[in-house]
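See structure below.
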């Protein structure tokens, strides 16, 4: 059963996948309008096949501009806030509605459609849903399959890597290429830096940083089920290095075992996750 409260998978908001979605939706819409003639295109008489293709392409591309603007906004929003699955589905419905509204206005203003505007909107929503939801569904399945394949490939790489190098944590860039590896006891925390992740670690007793081209959301997926947890929209922390959990007027802060490291903030979204990890550590220590 789908948990609609879960955040959307990071691959849905990757730049390359956004470009693929816009291009595929545009192509699908162009084919759809030329085959099924929705949105009153049967009124475009006295046009040759080439002229009709040209005009329909312009209309489709203008309508798809709604999707382009919407996805740019979503990309920026996801940098600052988590979007849950139900919010993503609502976002898609909003895209369908505004694109349908554009086509309904086009029919009324330029094609002089005699129908009531509300009826035009209803019909346009139905047609636009077919134009967008089918390619959206196909691409969601493709992106999910591709992401699972990359995860399996990474696991195979990790297994092969771990046979020769023990207790090493591998880090991959946004293209799935192994770029950096480190022993867990030397990893301190990870910090988001736009389209990069800054890896803070100990190198010969000194604090060093390595800049990896990837997103913190995708990195978080790779560490699912481990003690390297997300505690803030901009931070992940190796909980083995946390020595103090302190509550200030600004919220929870994590103090690490290295005095030269900044206190890591805990945002409200991740308080439960942090406290669950803390409880697990307490239980482990009590059992010991």
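Brief remarks on what is shown
- Residue within the range 229-238 that is assigned to a helix (DSSP H, G or I), closer than 22 Å to residue 168 by Cβ and in contact with a helix residue (DSSP H, G or I) (Cβ under 9 Å, 6 or more places away or on another chain) present: no
- The range 1-20, subset under 18 Å from residue 173 (Cβ atoms) and surrounded by fewer than 17 Cβ atoms within 10 Å (Cβ to Cβ), residue farthest from the chain's Cα centre (by Cα): 16
- Residue 219 under 24 Å from residue 263 (Cβ atoms), surrounded by 16 or more Cβ atoms within 10 Å (Cβ to Cβ) and either modelled with pLDDT under 90 or within 21 Å of the chain's Cα centre (by Cα) (or both): yes
- Residue list for the range 239-269, filter: out of contact with any helix residue (DSSP H, G or I) (no Cβ under 6 Å at 6 or more places or on another chain) and buried (at least 20 other Cβ atoms within 10 Å of the Cβ): 241, 242, 252, 254, 264
- Filter pass, residue 176 being closer than 30 Å to residue 6 by Cβ, modelled with pLDDT under 90 and touching a helix residue (DSSP H, G or I) at 6+ places or on another chain (Cβ under 8 Å): yes
Quick grid of which residues meet (1) surrounded by fewer than 17 Cβ atoms within 10 Å (Cβ to Cβ); (2) modelled with pLDDT of 85 or more; (3) outside the structural domain of residue 231 (by TED's automatic domain parsing); (4) in contact with a helix residue (DSSP H, G or I) (Cβ under 6 Å, 6 or more places away or on another chain):
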position	(1), (2), (3), (4)
81	yes, no, yes, no
86	yes, yes, yes, no
89	yes, yes, yes, no
103	no, no, yes, yes
109	yes, no, yes, no
112	yes, no, yes, no
116	yes, yes, yes, no
119	yes, yes, yes, no
122	yes, yes, yes, no
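- Selection status of residue 212, farther than 17 Å from residue 7 by Cβ, surrounded by 13 or more Cβ atoms within 10 Å (Cβ to Cβ) and within 20 Å of the chain's Cα centre (by Cα): yes
- Neighbours by Cβ (under 6 Å, 6+ apart or cross-chain): first from the range 225-239, farther than 14 Å from residue 188 by Cβ; second crowded, with 22+ Cβ neighbours inside 10 Å: 230/236
The values are calculated or read from the model by the stated rules, or taken from the named source; none is laboratory data. Keep in mind it's a predicted model, so treat the numbers as computed, not measured. Positions of Cβ are generated from backbone atoms using ideal geometry, with glycine treated the same way; all protein chains shown enter the neighbour counts.
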